[in-house]
Amino acid sequence: MGTEQSRGAPLKPLDDPTPLGGPSIDVGVRVGWLLRMARLTAPERPAHRLGDMVTRLEWQGLSTSTSSLHRVETGVVRDDRVVAAYEEALALAPGSLRAAVDIVCRTFPYSPVDRAPLARVSGPEEMSRLHAPVLEDRATGGQWRDWARSLSQPGNVSLPVDVAQERVRALMTELVRAQGPSYVTRYDALATLRRSEWGGVVRAAAAEMLADPHVQVVNDLMSAVGEASDPATRSWLVDLLGDTRDIVVQGAAVGLSTMAESHGSPDFWGPVLDLLVEHYNDAGPAGARWHWLSHLLRLVPPADLAEVRGRLGHAPAPVGEALQPEGREALLRVCQLHAEEASAALGLPYQPLLARLLHEFIGDGRSARSQTSGVLLAALPSVNQACVDAIVSISEEHPDPRLRERAASRVLLLVDGYLPARVRERLVGDDLPLRDVLWAVRAHVPVSDASLRRVVDDPETGLGPVGGMHAAGLAGWPLLGELADDPEVPEPVRGAARWWLRIGSHLRDPLPDAATGQPPVEE
């Protein structure tokens, strides 16, 4: 007798049963939900029933059954072979689902273990095949990921250190301008290397990036640095909190957050707490570094924080009513309403896990929760678009101004060539505010030279990870060359323009051909 899935009966929506804001989450069910959503939201619904998916996977050479797939899609079993087959059968970007699953499972040490062991490189020919696109500067995100996984196998020292470090720097310059699956696969590649015997090379490459006085984007590479914990790197990151550049302070805080929450020991903060307090007091009670250093203090265990509280020179930055524990349930109800609308837009019954992920992405102060929820929301194009619509609504309609600001900032991380109608209606004229310029650039909508010039020239928001120069750089603005050479332009702006000219504009890998599930053949 066939299962309800093989007969096409409605599947019970998946949910995470763990308490909201609790100490742990159900990682397995989140991984299963991602695979189910990949199948149910694929263009033209080629495998809306599990039985249809079994057939498609058999075409890919994977023999399975509806009961086996049901166990994978409900999080009972984690199997990388099945995830890879889903990518191919549903014409998703190579490595995109596997990267998302790996990032989430790597973040939480109690995650389910992959039942498909990593296949070792079989010989020099295979290693040469993996090296080729990386060494020739033509690797896609999936190829970067395959290369990193092979290089990270114990004992694989197939490159000189200087060559490896140069290639890791190249990966970093692609990561900071990549979007969507192109970003997820490259981040997973860098984090995989960081957690391997090549981890020191990743840290050294990051230090080289930061040594450029005009570096413009560092959060992503510093988060990857935080994917492995060691005393020397922890001390280095804490030292960076005293850097004169706000962008470096923010990146160091991101790296420390990742390290402390996901990979640090229980006494992580003890050896560096005095220096953290010193940097916090030096920052003063205003500005970006105050907010980031306040965030780090909130990660310190209460008992440790109590010992130094009397030495804090000022109160930490507020987080907003909706982001405090007592505001969790109210924000969850808001997210549930938007998840209902998003589910309907996807042609699916209400997805309670979607509401949970929305809540964590915009309302959870723990980087591990917000980052991994964002990865799951960004992994599938159709789900991504529905979530962008939901978060835009929250950013414009929620009564808490701090949550509105947080949602407006976070949603830009999900934008990948999609522009909600309510935002598109605003993109008229040459006096667009910075956030709308960033929206347009990340959605690949043309922006006038006048609008770009105005946000670049703004002394308050022209530079930085979400500044006007960031928009101009991602857009590949032709006038960057003029800015870089104009002696009348302030040196920080000229330097930022030179930096963007060196690394290039936004990066997106070509998608596989939907008809065959294989990458298109170049003519």
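To the nearest Å, what is the center-to-center distance of the stretch 416-453 and the stretch 200-247, using C-alpha atoms only? The stretch 416-453 and the stretch 200-247 have Cα centres separated by 31 Å. A Stokes-Einstein calculation at 20 °C with viscosity 1.002 mPa s, built on the Kirkwood radius of the stretch 429-503 over Cα pairs, returns a diffusion coefficient of 180 µm²/s. What shape does the stretch 363-444 take by its C-alpha gyration tensor, where a ≥ b ≥ c are the square roots of the eigenvalues and a/c under 1.5 counts as rounded, a/b above b/c as prolate, and the rest as oblate? It comes out oblate by the Cα gyration axes. Using θ = phi - 60° in the Karplus curve 6.51 cos²θ - 1.76 cosθ + 1.60, the 3J(HN,Hα) couplings for the stretch 73-81 round to 6, 9, x, 6, 10, 10, 9, 5, 5 Hz; x is entered for Gly and Pro.
Taking all Cα pairs closer than 8 Å and separated by 6 or more residues, the relative contact order of the chain comes to 14 percent. The ranking of TYR86, TYR418, TYR350, TYR110 by Cβ neighbour count inside 10 Å, starting from the fewest, reads TYR110, TYR350, TYR418, TYR86. Sequence-ordered 3J(HN,Hα) estimates for the stretch 54-62 from the Karplus curve with 6.51, -1.76 and 1.60 and θ = phi - 60° stand at 4, 4, 5, 5, 5, 4, 7, x, 10 Hz, glycine and proline given as x. Take every Cα pair under 8 Å whose residues are at least 6 apart in sequence, average their separation, divide by the length of the stretch 429-503, and the relative contact order is 23 percent. For the chain, the mean residue ellipticity at 222 nm estimated from helices alone is -17500 deg cm²/dmol, where every DSSP H run of n ≥ 4 contributes -39500 (n - 2.57) and the total is divided by all residues, rounded to the nearest 500.
Report, in degrees rounded to the nearest 10, the 0 to 90 angle that the Cα long axis of helix 491-503 makes with the longest principal axis of the chain. The angle comes out near 20 degrees.
Comparing Cα centroids, the stretch 88-115 and the stretch 394-414 end up 28 angstrom apart. For the stretch 274-311, run through the chymotrypsin sites (Phe, Trp or Tyr not before Pro) and keep only the ones in DSSP coil with at most 16 other Cβ atoms within 10 Å of their Cβ. When the chymotrypsin sites (Phe, Trp or Tyr not before Pro) of the stretch 274-311 are filtered for loop state and at most 16 Cβ neighbours within 10 Å, nothing remains.
Under the shape rule built on the C-alpha gyration tensor, where the axes satisfy a ≥ b ≥ c, the chain is rounded, since a/c falls short of 1.5.
Per-residue packing, averaged as other Cβ atoms within 10 Å, sorts the ranges 115-122, 237-244 into the order 237-244, 115-122, beginning with the highest. Please list log₁₀ I(q)/I(0) at q = 0.17 Å⁻¹ for the stretch 359-501, using the Debye equation with identical point scatterers on the alpha-carbon positions. With no solvent term, the Cα-only Debye profile gives -0.96.
Among 156-168, 89-101, sorting by the average number of other beta carbon atoms lying within 10 angstrom of each residue, highest first, gives 89-101, 156-168.
Less than 5 angstrom separates the built amide H of LEU507 from those of ALA178, GLN179, all sequence-distant by 5 or more or on a different chain. Annotation note: trypsin sites (Lys or Arg not before Pro) in the stretch 386-452 located in DSSP loop regions with a Cβ neighbour count of at most 15 within 10 Å are ARG426. Note on the stretch 270-327 and the stretch 478-508: Cα centroid distance 35 Å, given to the nearest whole angstrom. Computed 3J(HN,Hα) for the stretch 475-480, one whole-Hz value per residue from the Karplus formula 6.51 cos²θ - 1.76 cosθ + 1.60 where θ = phi - 60°, is 6, x, 4, x, 7, 4, glycine and proline marked x.
Every number in this text was worked out from the coordinates using simple rules, so none of it is lab data. The structure presented is a predicted model; accordingly, all values stated were derived computationally and were not measured. Don't worry about glycine lacking a Cβ; one is built from the backbone with ideal geometry, like all the others, and counts go over all protein chains shown.
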